[in-house]
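Written out below as structure tokens is the structure these notes cover.
Read-outs throughout are calculated quantities, based only on the coordinates presented, and are distinct from any laboratory measurement. Quick caveat, the model's predicted, so the values are computed rather than measured. Note: ideal-geometry Cβ built from the backbone for every residue, glycine included; neighbour counts use all protein chains shown.
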Amino acid sequence: MNKKIKKFLIVFFLSCLVIALVYVVNITSMPESIILFEGEKLNIKTAPGIIFETKNQDGQIEKINNYETVEASSNISNENELVEEINITASLFGKIDLKDITVNVIENTEVVPLGNIVGVKLYTNGVLVVGVSEIAGEDEITYKPYEEAGIYEGDMIVEMDEELVTCTADLIEKVNGSYGKKIDVKYVREGEVKETSILPVKTEKDTYKLGLWVRDTAAGVGTISFYEPSTGEFAALGHGIMDVDTGKLIDISTGEFITTNIIDIKKGEKGNPGKIQGSIENQITVGNIEKNTSFGVFGNLNNISALNIDLSNKMKVALRDEIKTGKASIICTLENNVRKEYEVEIQKIYKTNNTDNKSMTVKITDEELLEKTGGIIQGMSGSPIIQDGKFIGALTHVLVSDPSMGYGVFADMMLKQMRK
């Protein structure tokens, strides 16, 4: 075999390998399930030769376009559930099945954009380990019982000796009640339940310690994005609530939204984001929090009068194709608990982004708002974004380098998370 043929075969083999790798990556990256609104496009990234097929009501296979809109059956009337399930198969030239994808189509709905600043209280599903430290035992030797047990920051302790741990007081009681005997521990790390055992250390004060700093609650202020009258549900923040020590999404068991009084507004500036400071003492509970996700906090409102919700302000949720660059507005609360609308500009739209809550870049253009806050500040996350009479999304993040700029999450992503 001469050198030219050998070189050609090597290049050909490597090219085939690269093409195969591209297809494997493409297929692997395809979601196994998708939630769409009626009329929304599929928008699945694909490679040449990969087609999508589904069966019609007669059981016959039909090809569908990757950018085709999806409609729900007209006989679906349950507003509180996913309205229709469509099973799609991705195949290579219609000959080799590659992946099954479940598409859940939900009816588009009307919501009431809010913008109320509220207090947030979260209660964890167990106790969250937020730090570790050495312990001085009664023998004056230092110990690290957590090292041998393999428990670290970010882990959620949920059981001790087969008894639930629901709060910090539970953990303290069980540790002191062990009298130095090993404790069987069940904890959660990144969604996976693990088991271990840990040996408490007796201190000079005749108490027992594990060397773990834990927390069972979190509190702060944020903005409610919208209320859905047909279900009584709400969405807020546009992002999840993270633990300040571990930087991870807090796994909650319950939570509540309460009214708040704004006591101070710290104006944002380059390199130093501002914030809204509020008091949540002696306030009224307005709703229960059920989910803390990367796309917002969700639950049920049970006291809409305390938020002065006007149901006549209902509007449609915009599909992504309806959102455009240019003028829009946000609703937020800054003074005297009064909601007010301010002008913004949508500068970029990332229509195919389904992985995070940075769906569009937003610039604050309203001179009054810039004078008060310097732009987007902590506490404004969740402020609803309105364009052409439709709810298009909510603020999520500020750019530290320029407080007048930030990100917003698509409204459809928040509503899908609510229904998920």
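Fewest to most neighbouring Cβ within 10 Å: what's the order for Val112, Val338, Val118?
Details: Val112 21, Val338 10, Val118 27.
So the residues, fewest neighbours to most, are Val338, Val112, Val118.
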Leaving out same-chain residues fewer than 8 places away, which lysines sit with a Cα under 25 Å from that of Lys181? Lys144, Lys194, Lys202, Lys205, Lys209
The chain: relative contact order from alpha carbon pairs under 8 Å, six or more residues apart, as a whole percent, is 15 percent
Over the Cα atoms of the range 134-210 the radius of gyration and the largest Cα-Cα distance (Dmax), both in Å, equal 12.3, 38
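Mind checking the range 243-307 for chymotrypsin sites (Phe, Trp or Tyr not before Pro) that DSSP puts in a loop (not H, G, I, E or B) and that have at most 12 other Cβ atoms within 10 Å? Before the final figure, lay out the partial values.
Working: sites: Phe257, Phe295, Phe298; in loops: Phe295.
Nothing satisfies the criteria.
Over the residues of the range 173-225, compute the C-alpha Rg and express it relative to 2.2 N^0.38 Å.
On the way: Rg = 16.0 Å, N = 53, 2.2 N^0.38 = 9.9 Å.
That works out to 1.61 for the range 173-225.
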Kirkwood-based Rg/Rh on the Cα set of the range 224-360 evaluates to 0.95
Expressed in angstrom and ordered largest first, the alpha-carbon extents of the range 109-162 along the principal axes are 65, 26, 15
Sequence ranges 36-42, 178-184, 208-214, 262-268, ranked by mean other-Cβ count within 10 angstrom, highest first: 208-214, 36-42, 262-268, 178-184
What residue among Thr373, Thr207, Thr361 shows peak mean-square fluctuation when the chain is described by a Gaussian network model with Cα springs under 10 Å? Thr207
Under-5 Å amide H pairs with Ile309, H placed in peptide plane, nonlocal only: none
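Which helices count as membrane-span-like in the chain under these terms: full DSSP H, at least 24 Å along the axis by C-alpha, Kyte-Doolittle mean of 1.0 or more? Working shown, then result.
Numbers: long enough: 3-29 (39 Å, 1.64).
The answer, listed by residue number, is 3-29.
What translational diffusion coefficient, to the nearest whole µm²/s, does the chain have by Stokes-Einstein, given a Kirkwood radius computed over alpha-carbon pairs, a temperature of 10 °C and 1.306 mPa s viscosity?
Roughly 65 µm²/s, to the nearest whole number.
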